[in-house]
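The values are calculated or read from the model by the stated rules, or taken from the named source; none is laboratory data. Computed from a prediction, not measured in an experiment: that's the story for all the values here. Here the Cβ positions follow ideal geometry from the backbone for every residue, glycine too, while neighbour counts run over all protein chains shown.
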Amino acid sequence: MTTKTMRRVTRAPSRQPPAAPTVHAGPILSVSHARLGYVVDGAPTVAVLDASFEVQQGEKIMLLGPSGCGKSTLLKAVAGFIEPFGGDLRVTGEPVTAPGPDRAVVFQEFDQLFPWRTVRDNLVYPQRVNGRSKAEAGIRADEYLRLMQLEQARDRYPHQLSGGMKQRVAIARALALDPALLLMDEPFGALDAQTRTRLQIELNDVAARTGVTILFVTHSIQEAVFVGHRVVVLSKPPSTVVDVVDVRGLDNPADPAFTEAMQRLRGLLSEDDAATEHASFE
Amino acid sequence: MTETTATVERPTTSTTPTPRRQKRRSWGSLPTIPRRAAIVLGLLAVWQLYVMVSGVSPLLVASPADVGKAVLTGFTEGSLLTSTLTTLKILVTAMLIGILLAAVFTTLATWTKFGEDLLVLLTSMLNPLPSIAVLPLAILWFGLSTTALVVVIANAVIWPISINVSQGFRTANPTVVAVGRNIGLSGWRLVRDVLMPAALPHTISGLKTGWAFGWRTIIAAELVFGVAGSGGGLGYFINDARYFLRTPDVFAGLVTIMAIGIALDLAFSWLERRTVVKWGMKERS
């Protein structure tokens, strides 16, 4: 880790308590005219030029786009890890200022669990940080371990788990915090195809049972259609929202409508591809 | 064989639990403990045999039996025991001071660019300097006192610890730190509950190196130094025994130094097995 990250440590996190499944009128997340990027050697590089969309309670919104389009950057901004260059990000009406447990994140990296805590402690500890009693945190931890089929692994340490198991623990940990919005940054991107499919099915199942609201970054068209309710398609960087495609109810890859949706998304992505290629020839 | 064997051999014994299956076995298939014990016994036998057969002067080479006796009497009658305690007391004091200062340096280096520059500069200048080289200066400043020793040893331990710990902080897994901030940690709590455990493998290896530096330095300093305050340490004990040609005592001093070294190494491995190895943050060594 760099000293830069270390210094950011001093910033206080937002103190929104992990309230019971949020009852909030209006969108859970509203992104309006967000302009995002990162600073390379002192020069700001814009990844997302102008993005606007809303996420309603209980929705699974997929962010899909070519690599470098800033979909992960957008997610990190919603998580409060980076500051947008411009525009407005609001979660349950509140502007995003710092990281907080109301926007629990599941990362792509397998090493996101605390290696010095057992699986169960990885679930209990974040709840304790947020003021839950030991007993209550324990009960909820067991509940979510069961939900993610992890009872067998509860006393193991993360390094003793497979990649798929680690991601399951990370999802359980995030859910146990009752986030208003669950942020997932290509959580299955580093898994083998079989495990990925199984976890996608599990996630759909768990989301349906808990009613959690999800913002999910992916570069897989199949995943976007299979998991999402709506897909926000971003163009090449500096990106804008090309289209928002409704894929609700499509969870059978054999369904012609599923294939159709995939083709439509592929079309939207390659259209953009052609456009940029054309632009570069001029 | 006597106590000598016992002290040297115990450390090697407790390392590995050994599942056993009996049948005709080669040397390599034997469990670790008997294998190492056999080597120690063999070496002692060769040593004893050499002393008995060659007719070497006992003033030059003491037999293992005599050394064992010297260790035993040294610890029961007290001179060796007092020396050992004196040395350990100085070492512990100096290490505590060194750890405290290392903590200050590391904190500064982690939070400010200036602190980082300072630490890098100081370590690159002072770490390559054999710490015993500072002794004459320490004597000039603090006289022939325990303070001079403590200063020299503290200087020997600060730098390896600081380097390692600050490296541990800087290389802490950014994803885990991000998770820490995500679940609502900041400031001191983030340091205590995420950065410190994440840096533990480095911290332990820093302490290991620091202790090894300190241990070597204090023995050397005592050899040069002679009496410190009321009684001398182990280095002084060895030098004094040489002066009066009590060769078994010279050997007894060396054996004690080795035994303490091995014991501390084992303590560190135990600590590692209970923490960073168990957590998969470090390979079993």
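Give B:A263, B:A252 a once-over and let me know the one that is touching a Phe, Trp or Tyr at 6+ places or on another chain (Cβ under 9 Å), touching a residue at least 12 places away in the same chain (Cβ under 8 Å) and not basic (K, R).
Result of the check over B:A263, B:A252: B:A252.
For B:F169, the conditions (1) farther than 18 Å from A:G100 by Cα; (2) more than 8 Å from every other protein chain (Cβ to nearest Cβ) are fulfilled apart from (2). If you go through the range A:107-118 one residue at a time, do you hit one that is in contact with a strand residue (DSSP E or B) (Cβ under 7 Å, 6 or more places away or on another chain), within 12 Å of chain B (Cβ to nearest Cβ), buried (at least 17 other Cβ atoms within 10 Å of the Cβ) and under 25 Å from A:L191 (Cβ atoms)? The answer is yes; a qualifying residue exists. Among residues that are within 14 Å of another protein chain (Cβ to nearest Cβ), of a type in the set (K, R) and free of Cβ contacts under 8 Å to residues at least 12 places away in the same chain, B:K282 is not included.
Matching residues to (1) outside the structural domain of A:V244 (by TED's automatic domain parsing); (2) of a type in the set (D, E, K, R); (3) in contact with a helix residue (DSSP H, G or I) (Cβ under 7 Å, 6 or more places away or on another chain):
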residue	(1), (2), (3)
A:V39	no, no, no
A:P44	no, no, no
A:V48	no, no, yes
A:K60	no, yes, yes
A:T73	no, no, no
A:R90	no, yes, no
A:P99	no, no, yes
A:V119	yes, no, yes
A:Q127	yes, no, yes
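A count restricted to the range B:53-62 and to residues that are closer than 24 Å to B:I238 by Cα and either in contact (Cβ under 8 Å) with a residue 24 or more places away in the chain or part of a helix (DSSP H, G or I) (or both) stands at 5.
Condition check ((1) more than 14 Å from chain A (Cβ to nearest Cβ); (2) under 21 Å from the mean Cα position of the chain (by Cα); (3) among the β-branched types (V, I, T)) across all residues:
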position	(1), (2), (3)
B:A102	yes, yes, no
B:V120	no, no, yes
B:S124	yes, no, no
B:S131	yes, yes, no
B:V134	yes, yes, yes
B:W141	yes, no, no
B:L149	yes, yes, no
B:N155	yes, yes, no
B:I158	yes, yes, yes
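Taking the criterion of being part of a helix (DSSP H, G or I), free of Cβ contacts under 8 Å to residues at least 40 places away in the same chain and not small (G, A, S), the residues of the range A:152-174 that qualify are A:Q152, A:Q160, A:M165, A:R168. I'm checking my understanding of the structure. Among residues of the range A:77-106 that are surrounded by fewer than 20 Cβ atoms within 10 Å (Cβ to Cβ) and either β-branched (V, I, T) or out of contact with any Lys or Arg (no Cβ under 9 Å at 6 or more places or on another chain) (or both), which one is nearest to A:A34 (Cα to Cα)? For the range A:77-106, the residue satisfying everything is A:D88.
Evaluating B:L245 against the criteria (1) under 21 Å from the mean Cα position of the chain (by Cα); (2) touching a residue at least 24 places away in the same chain (Cβ under 8 Å); (3) surrounded by fewer than 22 Cβ atoms within 10 Å (Cβ to Cβ) leaves one unmet condition, (1). The residues of the range B:144-197 that are of a type in the set (A, V, I, L, M, F, W, C), modelled with pLDDT of 95 or more, assigned to a helix (DSSP H, G or I) and buried (at least 24 other Cβ atoms within 10 Å of the Cβ) amount to a single one, B:V179.
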